[in-house]
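The next block holds one structure in the form of structure tokens; read it before the comments.
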Amino acid sequence: MDTIAFAYMGGKEYEWLFFEVYDRVRRFYRDVRLPINIVYAGKIILPPGTLIRVETASGFVNMYSFEAVVEALYGKLVEMRDDVNDDSITKIFGITTFPIGSRDRYFDIYKKYLGIQVNVGDYHVLALSIKPFFTENKYLFIERVFKGVLHEIGHLYGLSHCHEDCVMNPPKDIKDWDLRTPTYCNTCLRKLKNKEELMPKLQL
Ligand SMILES: [Zn+2]
Ligand SMILES: [Zn+2]
């Protein structure tokens with residue numbers, strides 16, 4: 001089993017969404033028989049100073065600073081490993097309510113529905129903002145973010161973008177994203193199952 005710790009980085013308002021997505025991701029990997037264990041790492045409150053105003057093509061947008069998000073997630077991962085005394089946990093995935101940006105670099109995540117992934121030594125830090133996926137339709141909101149999480153986890157295990165009806169096929173826009181079946185295509189799923197990290201370990 002390979003473990004990915006999930007953390008929520010936001011206020012009360014969208015906590016329900018985080019837990020719906022978290023449950024669905026957990027169930028998904030179990031149902032497709034991939035040995036990916038999703039565990040809850042807790043909630044991370046970012047200090048107010050981590051919100052920055054970034055100028056985008058559509059005006060100023062409030063964002064979490066990329067550096068602050070990575071640092072907070074990394075800190076949580078280290079804390080968690082110490083708490084449970086388990087150093088096999090090397091991956092953490094943060095779900096944020098605000099978009100993620102930087103004063104130096106604007107990632108264009110706001111438009112492109114992409115998450116971020118950074119390697120810090122042997123640790124993997126991932127983050128995805130729910131902001132670009134927003135809709136009043138709760139079911140659709142969950143589904144959009146769920147697909148985004150599957151996409152990022154696909155990259156984490158080495159998948160590239162795909163041209164099939166698959167979560168690894170990046171959307172042109174949100175309507176395009178809604179048309180995607182909420183799963184990996186057979187080719188991508190097979191690639192995941194052949195990843196050494198995800199192969200059943202020999203019991204000797
Ligand atoms: Zn991608
Ligand atoms: Zn695919």
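A few remarks follow.
- Point-charge dipole on Cβ atoms (K/R +1, D/E -1) for the chain, about Cα centre, debye to 20: 480
- Where labels lie 7 Å past Cα in the beta-carbon direction, separation of residue 164 and residue 40 in nm: 3.4
- Residue 84/residue 13 FRET efficiency (R0 35 Å; Cβ-Cβ; nearest 0.05): 0.75
- Note that the chain presents 53 Å² accessible area per residue, ligands and nucleic acids not counted, probe 1.4 Å.
- Charge dipole (the range 2-198, unit charges on Cβ, about Cα centre) - positive-most of 168, 51, 124: 168
- Residues whose amide H comes within less than 5 Å of that of residue 162, counting only those at least five positions distant or on another chain, are 169 (H built at 1.01 Å from N in the peptide plane).
- Available extension along the chain between residue 67 and residue 51 is 4.7 nm, counting 0.36 nm per residue and deducting the alpha carbon span.
- Sparse-neighbour loop sites [GluC sites (Glu not before Pro); the range 110-180; at most 15 other C-beta within 10 Å; DSSP]: 136, 164
- Accessible surface of the range 2-198 [probe 1.4 Å, protein heavy atoms]: carbon and sulfur percent: 48
- A cut-off of 5 Å between modelled amide H atoms, ignoring neighbours fewer than 5 places along the same chain, links residue 37 with 2, 3, 4.
- Length released on extending from residue 187 to residue 174, taking residue separation times 0.36 nm less the Cα-Cα span: 2.3 nm
- ³J(HN,Hα), Karplus 6.51/-1.76/1.60, whole Hz, each residue of the range 66-82, x for Gly, Pro: 3, 4, 5, 5, 4, 4, 5, 5, 4, x, 5, 4, 5, 4, 5, 4, 5
The values are calculated or read from the model by the stated rules, or taken from the named source; none is laboratory data. This one's a predicted model, so the numbers in the text were calculated from it and none came from an experiment. For neighbour counting, all protein chains shown are included, and Cβ atoms are generated from backbone atoms with ideal geometry for every residue, glycine included. With ligands, DNA and RNA removed, areas are computed over all heavy atoms of the protein, side chains included. Shrake-Rupley method; radii C 1.70, N 1.55, O 1.52, S 1.80 Å.
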